[in-house]
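A short worksheet on the structure shown next.
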Amino acid sequence: MVTRVFVARARSWTVGAALAAGLVLSACSSSGGSGTGTTPAAGGGTNAASGGTSSITVTTRSGPLGTYLTDGSGKTLYMFASDTSSKSTCTGSCLSFWPPLDGKATAGPGVTASKLSTITGTNGAAQVTYAGHPLYFYAADSNPGDVKGQGSNQSGALWWILAPSGAPIETTASGAMSSSGGY
């Protein structure tokens, strides 16, 4: 009788361990995303910023301000005029309004692959750059194509969307050019 109980418990444990191992392996191999690698969350973060390393597609969208860069889901990407090609200057509370595009980027239609790169962002993650500009989302842009951050003067400098050439588009929705003369 003791032998039968022991064998039954051993089989039960083995089946339970096998099921648990299978669940762990399937969770580790699942991408769990939409394929774009990053999507701004309601709070302004990105999936990639929370530890993901999947590839993000940078593509373009056309609107009243011209053709500009977006992520694969159509969310507008911005540059910060005080950044350099090797350093992001958006820190602290700035990051809650302007979450960086973190991860490994691939070029979609209209984007020049050789202009994509990464730097170590102020959050410690690999931040995507385009033509030397670290890229960010704007937390108030809730829909694809929104450009609510265009021309904003927040965190000490101006925020612009980028043309596929890598040049900032310094026109606001009202059509007025920035009086800053660029950055």
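The values are calculated or read from the model by the stated rules, or taken from the named source; none is laboratory data. These numbers were taken from a predicted model, which means no experiment stands behind them. Every residue, glycine as well, gets a Cβ built from its backbone with ideal geometry; the counts of neighbours run over all protein chains shown. All accessible areas refer to the heavy atoms of the entire protein, side chains included, with ligands and DNA or RNA removed. Shrake-Rupley method; radii C 1.70, N 1.55, O 1.52, S 1.80 Å.
Brief remarks follow.
- Qualifying residue in segment 147-155 (condition: touching a residue at least 24 places away in the same chain (Cβ under 8 Å), open to solvent by 30 Å² or more (accessible area, probe 1.4 Å) and more than 16 Å from Asp83 (Cα to Cα)): yes
- Filtered residues of segment 100-119 (kept if buried (at least 23 other Cβ atoms within 10 Å of the Cβ) and either in a helix (DSSP H, G or I) or not hydrophobic (A, V, I, L, M, F, W, C) (or both)): Pro100, Asp102, Gly103
- Flag if Thr70 is within 18 Å of Ala173 (Cβ to Cβ), part of a strand (DSSP E or B) and under 16 Å from the mean Cα position of the chain (by Cα): yes
- Hey, Ala176 modelled with pLDDT of 95 or more and either surrounded by fewer than 18 Cβ atoms within 10 Å (Cβ to Cβ) or over 18 Å from Ser55 (Cα atoms) (or both) or not: no
- Complete set of residues in segment 56-76 that are among the hydroxyl-bearing types (Ser, Thr, Tyr) and either open to solvent by 60 Å² or more (accessible area, probe 1.4 Å) or touching a residue at least 60 places away in the same chain (Cβ under 8 Å) (or both): Thr60, Ser62, Thr67, Tyr68, Thr70, Ser73, Thr76
- Count of residues meeting criterion [open to solvent by less than 10 Å² (accessible area, probe 1.4 Å) and either in a loop (DSSP other than H, G, I, E, B) or not aliphatic (A, V, I, L, M) (or both)] in segment 77-99: 8
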